[in-house]
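Note sheet for the following structure.
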Ligand code: C2E
Ligand code: CA
Ligand code: CA
Ligand code: CA
């Protein structure tokens, strides 16, 4: 038994070593990814639902992509945490903001309707003192009104330090930028904070949307979130909508917006523009 234990221990450590070796490799590669042009953005359309059963594209969510010449595509789920832990998320996040807003401008120039651009913020960026000034500078640089930008902050990041969150939210709100709470329902925000947070939208996490058609509890949760949001004057957007059944339920309960594979996967900028133009003409 003792020998087994030692083998198990050895196996465990070599597993851990392999994991941290990969993390180290990625961190080093990520350090040069920006300057080497390996990062790009894909854009997923956001749809407003109308009573008539129609839906139309009202915005895009910018999603970071990393393609390394040897490692191939690395998932954001893997590299974002590494970027956060190493501080690399600050320069990368700055680039994302600049690139997403510049793209929005190019779409304007190409004749797309005036969409909004949703950009994900990491808790590290949100806590950084320079954020409100950076956002203002970037908007001015690109020549984009603040109202076109929506910053997404996860519920966990907002609740990490609610009083700091409130201060930063007030500053951003004062500059005219809208904020959404991302992955709503996976954190632990209290109703008291929701009232104080300067947010305009709750993005219902896809884990509640996934089993909507066969899970009565998920239906009850989503229904409660939509009603509560509406009572607080907040908009709701459901993420990860993949089926007509999910869409029908969300529409019936009064969810205002959706995104998901049912409509479109995240797309490169050109394909996004084609997608929007093909639906509006
Ligand atoms: P998120 O912000 O919750 O983004 C939604 C994720 O769900 C995206 O994964 C998107 O591709 C995926 N998705 C969209 N529709 C569907 C659907 O119908 N079904 C399913 N199963 N998935 C769907 P992605 O692009 O892999 O991004 C993962 C996470 O990485 C994001 O989750 C976000 O937290 C983070 N992330 C991505 N880009 C950035 C960024 O620029 N900055 C920061 N800080 N985080 C980012
Ligand atoms: Ca998001
Ligand atoms: Ca989300
Ligand atoms: Ca998520």
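The values are calculated or read from the model by the stated rules, or taken from the named source; none is laboratory data. Keep in mind it's a predicted model, so treat the numbers as computed, not measured. Glycine gets a Cβ as well: all are built from the backbone with ideal geometry, and neighbour counts include every protein chain shown.
Counting only residues that are in a helix (DSSP H, G or I) and farther than 20 Å from residue 169 by Cβ, the range 111-153 holds 3 of them.
Only a single criterion out of (1) under 20 Å from the mean Cα position of the chain (by Cα); (2) at pLDDT below 95 is not satisfied by residue 232, namely (1).
Selection within the range 177-195: residues that are modelled with pLDDT of 90 or more and outside any loop (DSSP other than H, G, I, E, B). The member of this set that is nearest to residue 149 (Cα to Cα) is 178. A residue that is buried (at least 20 other Cβ atoms within 10 Å of the Cβ), away from ligand 3 (no atom under 16 Å from the Cβ), under 23 Å from residue 191 (Cα atoms) and touching a residue at least 40 places away in the same chain (Cβ under 8 Å) can be found somewhere in the range 152-168. Looking only at residues of the range 248-281 that are out of contact with any strand residue (DSSP E or B) (no Cβ under 7 Å at 6 or more places or on another chain) and crowded, with 17+ Cβ neighbours inside 10 Å, we find that the one that is farthest from residue 182 (Cα to Cα) is 273. Of all the residues in the range 111-127, those that are away from ligand 4 (no atom under 16 Å from the Cβ), surrounded by 18 or more Cβ atoms within 10 Å (Cβ to Cβ) and touching a residue at least 60 places away in the same chain (Cβ under 8 Å) number 1. The C-beta contact set for the range 232-254 (first residue at positive phi and part of a loop (DSSP other than H, G, I, E, B), second residue more than 16 Å from ligand 4 (Cβ to nearest atom) and modelled with pLDDT of 95 or more, distance under 6 angstrom, 6+ apart or interchain) comprises 254/226.
Here the condition is being more than 16 Å from ligand 1 (Cβ to nearest atom), in contact with a helix residue (DSSP H, G or I) (Cβ under 7 Å, 6 or more places away or on another chain) and either in contact (Cβ under 8 Å) with a residue 24 or more places away in the chain or under 28 Å from residue 162 (Cα atoms) (or both); of 204, 221, it holds for 221 alone.
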